[in-house]
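Scroll down for the structure; my scribbles are underneath it.
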Amino acid sequence: MRIALILLALSLSTGADAATINVTTTDDTIAADGQCSLREAITAANTDAAFNGCPAGSGVDQILLAAEDYRLEITGAGEDANASGDLDIRSSLEILGAGADLTRIRGDREDRVLDVGGAGTIATVAGALIRNGAGTLGAGILVAADSSLLLDGCVLTGNATSKGDSGAAGGGIASLGMLTVVDSTFHANDAGTGGGIWTGGAGSTTLRNVTFDSNTSLASGAALSLNAAATLNNLTLSLNLSDNDFNGTGDGALEVNAPVQISNSIVAGNVDFSIIVAGPVNNDCAVGPAGTLTSAGYNLFGVLGNACVLSAAQPGDQGGTPGAPLDPRLQPFDIYGGTVEVFLPMASSPAVEAGSPAASGNPGACEPADARGVLRPQGARCDIGAAELDDLVYRDGFDPPLP
């Protein structure tokens, strides 16, 4: 139902001259066979011309995917005309799947999955899982400096930059442009820096209701390496691993090298493997000389201190110390309804009913619904993090059963 509402909202926002392109085959083909592949659909949208079995694009086209696996099998990394390797998006469009649990776009582990470029290109990807991408910059998705991407209700998993290259960045996404991610999950992506997301350039990033689990980095930013301005609300970062080559160089699930504002978010339970060689340990976050991590209130950090410095801390912020980390008490990473995996808080979690009391739409407020579409608040106040505990039966101190 939620994905259907997303598709309806996106369709209403699309201009009347836009085309709808239905992908009719899961094969990665360029052939006059009467079928419309995902690659061919993107070319039709890029060129505003009919291409093999796909109708002509027109305006901000909608490309519709079924509940299927779409595997990229035409090899040839480094090509930018959408003829091989990754899917090259060069015109504003929307790729709409049936849900991240149903629609899967798989790379070939030789090139990234999506390359969003072209002056003024505005792309939306909704309701899809993106996996098995590879590349030095943006293994899953690359967003160029002159482009924008909205990722809604998606999962990025199993994407990895060049192994052993500490300079390779953005396992899930590398963005030099404008990036917005909502109601999505990054799981088990890997990079030299920024295992989940790496940002840079003059663009900006907005993340809302996003979960980062088991992402890894050789250096810093196992989940997020933010090198351009960003706004973060209702995030959960847990069990991400930095400095995974154990050489003492690398810090934190969250690396901040730009002005970043954070609110209603959990950054806890992450691991910095610098501890193996007795280097400086910053498990949860590291703020560089060019960065500021400013609180807009109601955050939960497992460890504050060392390089993890929260500016303008608010009364609603919670944080442990290097000697006494704060346990967020999260249930296992899983699907608890909805289409993306999350960390649901236990009833005894310090995140429960500890989010902002501000009404939805006001500065610093929680998102009106969580990453699964569960309305906030379920109790007296919203919960910190990407997922709202919605099993009210167990809010008396007994934890819900594990999945």
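Just so you know, all these numbers are worked out from the coordinates, no wet-lab data involved. Fair warning: this is a prediction, and the values are worked out from it, not measured in the lab. Reconstructed Cβ throughout: ideal geometry from the backbone, glycine too, with neighbour counts over all protein chains shown.
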Exercise for review: Just the isolated ones, please: cysteines in the chain lacking another cysteine beta carbon under 4.7 angstrom.
Suggested key: Cys154
Point to revise | Karplus 3J(HN,Hα) series, Hz, for the stretch 78-92 with 6.51 cos²θ - 1.76 cosθ + 1.60 (x for Gly, Pro) | key: x, 8, 10, 10, 6, 9, 7, x, 5, 8, 9, 8, 10, 8, 4
Exercise for review: Determine one quarter of the surface area of the Cα convex hull of the stretch 188-342, which equals its mean projected area, and express it in nm² to one decimal.
Suggested key: 8.6
Check your understanding: Given the C-alpha centroids of the stretch 286-362 and the stretch 110-155, what is the distance between them in whole angstrom?
Key -> 27
Check your understanding: Taking N as the number of residues in the stretch 281-403, what is its Cα Rg relative to 2.2 N^0.38 Å?
Key -> 1.10
Review point. Nearest 10 degrees, 0 to 90: what angle lies between the long axis of helix 38-47 and the longest principal axis of the chain (Cα atoms)?
Key: 80
Practice item. Please give the calculated 222 nm ellipticity per residue for the chain, where each DSSP H segment of at least 4 residues contributes -39500 (n - 2.57) and the sum is spread over every residue; nearest 500 deg cm²/dmol? Key: -1500 deg cm²/dmol
Exercise for review: Work out from phi, with θ = phi - 60° and the Karplus expression 6.51 cos²θ - 1.76 cosθ + 1.60, the ³J(HN,Hα) of each residue of the stretch 342-349, listed in order in whole Hz, and give x for Gly and Pro.
Suggested key: 9, 9, 7, x, 5, 4, 8, 5
Review point. When the Karplus curve 6.51 cos²θ - 1.76 cosθ + 1.60 is applied with θ = phi - 60°, which whole-Hz ³J(HN,Hα) does each residue of the stretch 220-234 get, with x for Gly and Pro?
Key: 9, x, 4, 9, 9, 10, 9, 10, 8, 3, 8, 10, 10, 9, 6
Revision key, fill the gap. Across 10 Å bins beginning at 0, the whole-percent shares of Cα-Cα pair distances in the stretch 54-116 come to 21, 47, 32, 0
Check your understanding: Roughly speaking, what is the stretch gain from Leu375 to Thr321, that is 0.36 nm per residue apart minus the C-alpha to C-alpha distance, in nm to one decimal?
Key -> 16.2 nm
Revision key, fill the gap. The correct pair for the chain, radius of gyration to one decimal and Dmax as a whole number, both in Å and from Cα atoms, is 20.5, 65
Point to revise | For the stretch 273-334, average projected area of the Cα convex hull in nm² | key: 5.7
**Study point:** Percent of C-alpha pairs per 10 Å bin, the stretch 169-243, short to long
**Key:** 25, 57, 18
Review point. So what's the angle, to the nearest 10 degrees on a 0 to 90 scale, between helix 2-13 and the longest Cα principal axis of the chain?
Key: 60
Revision key, fill the gap. If N is the residue count of the stretch 103-185, its Cα Rg over 2.2 N^0.38 Å rounds to 1.00
**Study point:** Pairs of alpha carbons in the stretch 29-176 whose separation is greater than 25 Å (percent)
**Key:** 19
